[in-house]
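Participant: Quick one: this structure, given as structure tokens, is what I'll be asking you about.
The values are calculated or read from the model by the stated rules, or taken from the named source; none is laboratory data. All values reported here derive from a predicted model rather than from experimental measurement. Virtual Cβ from ideal backbone geometry, glycine too; neighbours counted across all protein chains shown. Accessible surface areas use protein heavy atoms only, side chains included; no ligands, DNA or RNA. Shrake-Rupley method; radii C 1.70, N 1.55, O 1.52, S 1.80 Å.
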Amino acid sequence: MAYYDSPVVTRTRSVTPLTPEMSKILPYVSNKTVSRHFSSNGRSMDVGHAKNYFNPASKTVYSRYSTNDWGVSNNMNFGLSDRERSHAERLRADAWRAVKETDARTRNRQNEVTRKLGERVCDIAHWKSEINNEINAMQHETENLKEYRRMLEKAYNDTTSPLHIAEECLLHREKRNGIDLVNDDVEKSLSKEVTIIKRCQGRMKKLLEKAYVQLKMNRAAQHNLEIDSKDKHHAQGLDDRMQQLRNSSAGIGYYPGIENVDNTITIPHSWARYSEENIMRSQKERAASERLRGEIDGCLRACASEMWNIFNGVNNAFNTRVRETTDARNKLQAHLQRTMQEIFDMERNIHLLRKAIQDKENPMKVAQTRLDERTRRIHVEICHDPVMKSLTREVNEIRESVRLLKEKLKSCELSLARLVKTKATLEHDIGVKENSIRIDSQYCLGMRKGFPMDPKVGPIFQMPTC
């Protein structure tokens, strides 16, 4: 069956003289009588112009034509037949040419449509291939970003252990006593370590949030690509089947008015632009994802380096402080030993002074007894002789010696008391130093023997990091 392009859709079994095209070409004869063709000059001749004849057989009057009228009518019918046959031959020739032309035009148009369908299938296959390649690349990038996010989450969780240890060290060092409660390099380093770890946690948390958002953007771009690929797969299958469709194929049929149905929403330029924009968006998100992975990698390396450096710095400060405190304790112990020796010597000296004072009692008694007895002399014998002068001088000297010894004894006792107090101070300071050494060396450094980081985080966050 043929299919025609015409403003008015008219479908018939075949082109016949009754079609609108042929009805316009052929003359329409309304009067089928012979008298319609009698006039040679174009005038119509009706039956009323025929002569009346009486038929004696039937005894009625009939209209009858003449022989001349009969001959004219035959000649006119012959001429009309010649003209109509000639016109019919021309119509048949024109119809045959029309059949050939329309058949060739139909075949050419069908071949052109088939070729364009093939080109369309190739275009769809090209964009489908580009989209599928981008989908694969996006899937690979999304998996890489998920792995980096997992490593970042692991590293973020593992920073809680060194932070806890640093804070525990600060709390333990609050248990120091007395003069050892100083804002030393260890405390400054610990505070700096806490600050660095918290800053690293903040950077990691921000990157985790960015990674979460980027994964959503990656999935959105991939979803659009998958929808586009699915649509193109459907269109490719449909157009491929239409390309293989032939006149002898099964399933073909008429769909009246389908050529007037236009349900298209794009043109070739916008169609290609849509896929191109989806690919460009995916490439843009993929590039952003790669940059984010670079930021995560740099953050992990920077945080690892900073935390490792401050960890070593704090440990070095601890070791230096422990050495300084140990040296101070050793010096205090040496001073304590010397002080205790001095106390021993001072106590022995006080004992000697007390014995010396006690030893002055008998000479004083002897001298005073002599003076007392000599006061019992009588008359002129009561003489201020040299003996009297010597005895008086002896008593005064003994009294002065006792006074001087007592002063020395008092000074020695005061010195002994100060030495005892110094000893107590030294012992207390030694206890403070030992407490500080125990806190720094056992409690703090005991927790900081190894870097508190899980080595299974990954090669990026292993220590040390250059």
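Participant: Select from the stretch 332-375 the residues that are charged (D, E, K, R), in contact (Cβ under 8 Å) with a residue 12 or more places away in the chain and in a helix (DSSP H, G or I) and write down the one among them that is farthest from residue 180 (Cα to Cα).
Facilitator: The extreme case among them is 374.
For every residue, the table says whether it meets (1) modelled with pLDDT under 90; (2) open to solvent by 40 Å² or more (accessible area, probe 1.4 Å); (3) assigned to a helix (DSSP H, G or I).
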position: 71; (1), (2), (3): yes, no, yes
position: 79; (1), (2), (3): no, no, yes
position: 107; (1), (2), (3): no, yes, yes
position: 120; (1), (2), (3): no, yes, yes
position: 130; (1), (2), (3): no, yes, yes
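Participant: Restricting attention to the stretch 257-279, does a residue exist that is over 30 Å from residue 137 (Cβ atoms), β-branched (Val, Ile, Thr), outside any loop (DSSP other than H, G, I, E, B) and open to solvent by 90 Å² or more (accessible area, probe 1.4 Å)?
Facilitator: Yes; the residues of the stretch 257-279 include at least one that is over 30 Å from residue 137 (Cβ atoms), β-branched (Val, Ile, Thr), outside any loop (DSSP other than H, G, I, E, B) and open to solvent by 90 Å² or more (accessible area, probe 1.4 Å).
Participant: Residue pairs, Cβ under 9 Å, 6 or more apart or interchain, first in the stretch 393-408 and within 15 Å of residue 353 (Cβ to Cβ), second open to solvent by 100 Å² or more (accessible area, probe 1.4 Å) and modelled with pLDDT of 90 or more. List them.
Facilitator: Close Cβ pairs satisfying both conditions: 405/354.
Participant: Moving to a separate point now. I'd like the full set of residues that are β-branched (Val, Ile, Thr) and either surrounded by 15 or more Cβ atoms within 10 Å (Cβ to Cβ) or part of a helix (DSSP H, G or I) (or both), limited to the stretch 376-388.
Facilitator: 380, 387
Participant: Might you let me know whether the stretch 312-321 holds any residue that is within 30 Å of residue 151 (Cβ to Cβ), open to solvent by less than 80 Å² (accessible area, probe 1.4 Å) and of a type in the set (Gly, Ala, Ser)?
Facilitator: Yes, the stretch 312-321 contains at least one residue that is within 30 Å of residue 151 (Cβ to Cβ), open to solvent by less than 80 Å² (accessible area, probe 1.4 Å) and of a type in the set (Gly, Ala, Ser).
Participant: Have a look at 334, 367 and point out the one that is among the small types (Gly, Ala, Ser) and either within 60 Å of the chain's Cα centre (by Cα) or within 30 Å of residue 430 (Cβ to Cβ) (or both).
Facilitator: The unique qualifying residue is 334.
Participant: Within the group 171, 181, 190, which residue is open to solvent by 100 Å² or more (accessible area, probe 1.4 Å), over 25 Å from the mean Cα position of the chain (by Cα), hydrophobic (A, V, I, L, M, F, W, C) and closer than 21 Å to residue 314 by Cβ?
Facilitator: Criteria check complete, one pass: 171.
Participant: Sticking with this structure for a sec: Can you tell which of 146, 154, 232 is under 24 Å from residue 277 (Cβ atoms), open to solvent by less than 90 Å² (accessible area, probe 1.4 Å), part of a helix (DSSP H, G or I) and of a type in the set (Lys, Arg)?
Facilitator: 232
Participant: OK, next. Filter the stretch 235-256 for residues that are within 53 Å of the chain's Cα centre (by Cα) and without any contact (Cβ under 8 Å) to a residue 60 or more places away in the chain; which is most open to solvent (accessible area, probe 1.4 Å)?
Facilitator: It comes out as 241.
Participant: Right, here's the next one. Against the definition (in contact (Cβ under 8 Å) with a residue 40 or more places away in the chain and assigned to a helix (DSSP H, G or I)), how does residue 197 come out, yes or no?
Facilitator: Yes; evaluated as a whole, the condition is true for this residue.
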